[in-house]
1. Taking the condition of being at pLDDT 90 or above, over 24 Å from residue 128 (Cα atoms) and not in a loop (DSSP other than H, G, I, E, B), how many residues in the stretch 77-113 meet it?
2. Considering only residues of the stretch 88-113 that are out of contact with any strand residue (DSSP E or B) (no Cβ under 8 Å at 6 or more places or on another chain) and in contact (Cβ under 8 Å) with a residue 60 or more places away in the chain, which is surrounded by the fewest Cβ atoms within 10 Å (Cβ to Cβ)?
């Protein structure tokens, strides 16, 4: 065998080995690696998506916890060291200020009951009010920062005491027996200042009006209009709205706005959620810090 032929055979064998190795690498081994890498990438993407969902749920739970803690602080009862008729009357007046003030009553002190661990004073209220105002007043009383209970309540709606209309709601007579609890010897607390309980929904409604109405009430109180305002700043307990007149309104959970109230603050999502009563149709509106646009939902 000549030297040239032998070299040609060796080169041919090397070329065949190279072609076979290339074919195996390109058409056999590489597709398997690519499929394995694609499967690994899909698995990692699923883990990332699952982790994102868990983080979103965690942030949402933190926001809900913060809202619940805020409500709990607003509704926490405090029993003062003493209670006098003047103190209770001043407290009742502060609750009336949080309603539409369509209520009048006579106030009478009935006596003190002393027990081993606590005491309470008994008072009677007799007067007249619109049903909506009376409901709101009693709700605020039993959900305020001081511990009061309504032992008896009598409502006289048999005799019409007022006419329903745009300016005047029908009135009902009422008589209530209240108990104001206190603990002698307890140190005074700063939380006995003006109460900020969570406002009941009936404050924005009227049971004597149709459930669904085409006409919305006028904004006579000058409350901020959610649809005409922009959310500019958000903290863990306060939302700042900028209206069209350039006035800034600082709102906390439960504070009133036109047609509703501030329901929740979600600082993690940079948003504030409002509940509005649009003629008997309840609507949830979300304002975000970055855009200030409202997203409504029923």
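The values are calculated or read from the model by the stated rules, or taken from the named source; none is laboratory data. Quick caveat: nothing in here was measured; it's all calculated off a predicted structure. Here the Cβ positions follow ideal geometry from the backbone for every residue, glycine too, while neighbour counts run over all protein chains shown.
1. 2
2. Initial filter on the stretch 88-113 (out of contact with any strand residue (DSSP E or B) (no Cβ under 8 Å at 6 or more places or on another chain)): 90, 93-95, 97-99, 101.
The next check asks that each one be in contact (Cβ under 8 Å) with a residue 60 or more places away in the chain; those that pass are 94-95, 98-99.
Details: 94: 14, 95: 20, 98: 18, 99: 20.
Restricting to residues being out of contact with any strand residue (DSSP E or B) (no Cβ under 8 Å at 6 or more places or on another chain) and in contact (Cβ under 8 Å) with a residue 60 or more places away in the chain, the top hit is 94.
Yes/no per residue for (1) surrounded by 15 or more Cβ atoms within 10 Å (Cβ to Cβ); (2) within 20 Å of residue 79 (Cα to Cα); (3) at pLDDT below 70:
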| residue | (1), (2), (3) |
| --- | --- |
| 137 | yes, yes, no |
| 143 | yes, yes, no |
| 151 | no, yes, no |
| 168 | no, no, yes |
| 171 | yes, no, no |
| 183 | yes, yes, no |
| 188 | no, yes, yes |
| 194 | no, yes, yes |
